[in-house]
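For reference, the structure is listed below as structure tokens.
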2 protein chains.
Amino acid sequence: MIGIFDSGFGGLTMVREWLKISPEYDVLFLGDSARTPYGNRSITTITEFTEQGVLSLFAQGAKVVLIACNTASSDALRYLQSKYPEKKILGVLVPAVEEALEKTRFGRIGIIGTRGTIASNNYTQEIQKRISKFYNPSEKRAVKEPVITSVSAPLLVPLIEEGWIKKPETRMILKKYLFPLKHAHIDTLILACTHYPFLEQEFQKKMGKQCTIINSGAAQARKFRDYLQQHPEIEKNLSKKGLRQFYTTDSPDRFRELGSVFLGKKIGKHSIEKLEIE
Amino acid sequence: MIGIFDSGFGGLTMVREWLKISPEYDVLFLGDSARTPYGNRSITTITEFTEQGVLSLFAQGAKVVLIACNTASSDALRYLQSKYPEKKILGVLVPAVEEALEKTRFGRIGIIGTRGTIASNNYTQEIQKRISKFYNPSEKRAVKEPVITSVSAPLLVPLIEEGWIKKPETRMILKKYLFPLKHAHIDTLILACTHYPFLEQEFQKKMGKQCTIINSGAAQARKFRDYLQQHPEIEKNLSKKGLRQFYTTDSPDRFRELGSVFLGKKIGKHSIEKLEIE
């Protein structure tokens with residue numbers, strides 16, 4: 001089965017994208033909703049919590065685990081990949097970065113995310129590592145040196161969780177956060193947090209039509225489909241009965257309520273279970 | 001020693017009030033900063049986390065434990081008091097309610113707090129339970145039936161943690177939350193969250209001079225001093241060397257940084273320790 005780990009509910013926006021394009025695969029989702037959000041915690045704690053969550057998914061039968069949370073991917077993925085080289089653990093950063101590099105016209109890339117994601121600087125490093133792969137001097141839009149501007153926007157997650165999508169206060173706060181990105185004339189913006197797709201239209205409106213918005217969860221879903229095509233030895237071991245099982249570390253009732261909003265459809269009572277992951 | 005438990009950093013505003021009036025007592029503080037905030041979690045999880053935290057403080061040598069967090073007090077205190085009748089565990093609700101009932105002129109009381117605190121309805125119940133004690137028909141301001149209006153304000157904690165105290169967005173959001181309280185013509189407002197004292201001036205300004213603002217942490221500190229005077233058998237067992245020891249479940253560096261803001265003075269590096277409380 002495919003395991004998808006998230007720090008809480010936001011990762012369900014990635015699951016939503018995955019189910020749109022590949023509904024046949026069985027999916028195990030684990031949201032650490034008892035300890036969400038990770039965004040403001042120390043790297044040590046984020047790593048510890050992520051390790052517990054990812055190992056729990058393998059213990060439940062996952063063959064491959066995707067980390068949907070940007071903060072957990074930024075702070076814990078490399079450590080987990082080197083600690084467990086025999087396990088398949090994939091994050092959200094590389095897919096989002098690759099999609100941004102495929103789409104950018106002038107290499108002026110913006111990143112917006114939680115404090116933990118931005119402070120790790122991993123998005124910037126991944127862009128710089130990969131830019132040469134996308135550099136082709138014969139192309140008109142050839143980019144050799146990217147210009148990267150990153151901004152942390154810690155208030156967007158609580159505003160979205162409150163459902164304040166259309167409120168004037170949210171628009172004002174978003175405008176404030178986007179000011180340095182507009183000022184840097186970015187042509188591509190990575191939404192480096194699973195919550196932000198709820199504000200995608202607002203981002204597009206504020207940044208203008210010329211700016212390409214990258215939904216990191218959608219990029220992760222698409223790139224994972226490509227990955228499975230390139231790795232039939234992994235793909236053939238994945239069960240395909242269209243099953244979905246949701247685990248939460250907090251109450252299943254609460255998960256069902258908020259989770260259904262993030263997934264975009266009702267989650268059945270019997271497909272949610274509480275899991276102790278300490 | 002006196003143990004003070006909080007879900008994160010906010011409880012340090014209560015410690016600040018306590019040290020102002022009783023600096024001689026030794027204090028052990030534990031902030032569950034790795035799992036903060038509690039405000040949006042289920043009662044089961046809040047109770048479990050609070051129990052772990054309170055027991056850890058007793059294990060570290062506390063003779064009495066004060067729960068500074070309003071959410072933890074609302075959702076877990078009664079359960080812990082009945083499960084551990086031999087232990088002294090005190091919350092923040094009763095002190096805040098008593099102070100509100102002492103000060104209200106017309107019994108029109110407002111409560112503002114996190115979703116968890118307001119949903120539990122415990123503040124309202126505590127007010128109703130105690131109103132008769134304060135009812136004296138010979139008094140001009142005699143109140144027989146309180147009129148209670150409660151409002152949950154989930155965005156205030158993140159705004160305060162971001163330091164957005166003076167921003168226009170915060171004023172707009174506060175105005176929105178206070179609208180039903182103004183409309184109900186309350187004469188006394190309980191700030192039922194340890195973070196809110198940072199906005200006390202804004203609350204006063206928006207509610208007007210006629211409204212008495214109750215800082216729940218300050219009430220808890222004052223009432224605990226009274227409690228010790230009435231219970232010399234407990235008071236005599238408390239050490240009085242002016243020691244302060246801070247425990248956190250996340251990184252000590254992060255605790256030092258944010259904690260110093262909430263305490264209102266620098267916390268020394270050597271007085272912070274990480275504690276595993278699972």
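Laboratory data are not the source of any read-out in this text; all were calculated from the coordinates shown. No experiment lies behind these values; they were computed from the predicted model shown. So basically every Cβ, Gly included, is an ideal-geometry build from the backbone, and we count neighbours across all protein chains shown.
Key figures
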item: Segments B:188-195, A:165-172 sorted - mean Cβ within 10 Å per residue, highest first; result: B:188-195, A:165-172
item: Label geometry 7 Å along the beta-carbon vector: B:HIS231 inter-copy distances in nm; result: 5.8
item: Mean Cα-pair separation over length for segment A:162-231, i.e. relative contact order, pairs under 8 Å, 6 or more apart, %; result: 32 percent
item: Across the identical copies, how the A:GLU139 labels are spaced - nm, sorted shortest first, 7 Å along Cα→Cβ; result: 7.6
item: For segment A:8-13, Karplus couplings with θ = phi - 60° (6.51, -1.76, 1.60), whole Hz, Gly/Pro x; result: x, 10, x, x, 5, 5
item: Segment A:191-207 - phi-based ³J(HN,Hα) in whole Hz, Karplus 6.51/-1.76/1.60, Gly and Pro as x; result: 7, 8, 7, 5, 7, 5, x, 5, 9, 3, 4, 5, 4, 4, 5, 6, 8
item: Residue pairs, from the table A:LYS167/B:LYS175; A:LYS175/B:LYS205; B:LYS176/B:LYS265; A:LYS274/B:LYS88; A:LYS87/A:LYS241; A:LYS176/B:LYS265, whose Cα atoms sit over 25 Å apart; result: A:LYS175/B:LYS205; B:LYS176/B:LYS265; A:LYS274/B:LYS88; A:LYS176/B:LYS265
item: Point-charge dipole on Cβ atoms (K/R +1, D/E -1) for segment B:94-216, about Cα centre, debye to 20; result: 440 debye
item: Sparse-neighbourhood loop sites, GluC sites (Glu not before Pro) in segment B:80-113 - DSSP loop, at most 11 other Cβ within 10 angstrom; result: B:GLU86
item: Over segment B:94-216, relative contact order from alpha-carbon pairs under 8 Å, at least 6 apart, %; result: 35 percent
item: Net charge contributed by nearby residues that have their C-beta within less than 13 Å of B:GLY11 (K/R +1, D/E -1); result: -2
item: FRET efficiency, B:LYS236 to A:THR44 (Cβ-Cβ, R0 45 Å, nearest 0.05); result: 0.65
item: Point-charge dipole on Cβ atoms (K/R +1, D/E -1) for segment B:1-87, about Cα centre, debye to 20; result: 100 debye
item: Separation of the B:ALA184 and A:LYS182 label points, Cα + 7 Å toward Cβ, nm; result: 3.9 nm
item: Mean separation of Cα contacts under 8 Å, 6 or more apart, over the residue count of segment A:160-278: relative contact order %; result: 18 percent
item: Test item: B:150-159 mean partner chain Cβ contacts at 10 Å; result: 3
item: Leading residue at positive end of dipole, segment B:64-189 (Cβ point charges), from B:ILE160, B:SER138, B:ILE173; result: B:SER138
item: Amide H partners (placed H, <5 Å) of A:ASP26, local residues excluded; result: A:ILE2, A:SER239, A:LYS240, A:LYS241, A:GLY242, A:LEU243
item: Candidates per trypsin sites (Lys or Arg not before Pro) in segment B:212-278, loop by DSSP, up to 15 other Cβ within 10 Å; result: B:LYS236, B:LYS240, B:LYS241, B:LYS265, B:LYS266
item: Point-charge dipole on Cβ atoms (K/R +1, D/E -1) for chain B, about Cα centre, debye to 20; result: 960 debye
item: Charge context of B:ASN70, other residues only, Cβ under 13 angstrom, K/R +1, D/E -1; result: -2
item: Sequence-distant aspartates and glutamates (8 or more away, or on other chains) whose Cα lies within less than 12 Å of A:LYS103; result: A:ASP187
item: Per-residue mean of C-beta atoms belonging to partner chains within 10 Å, peptide B:172-178; result: 2
item: Teacher prompt: A:GLY163 distances to equivalent labels in other copies, 7 Å Cα→Cβ, nm; result: 3.4
item: Binned Cα-Cα distance frequencies in the protein assembly as shown - 20 Å width, integer %; result: 21, 50, 25, 4, 0
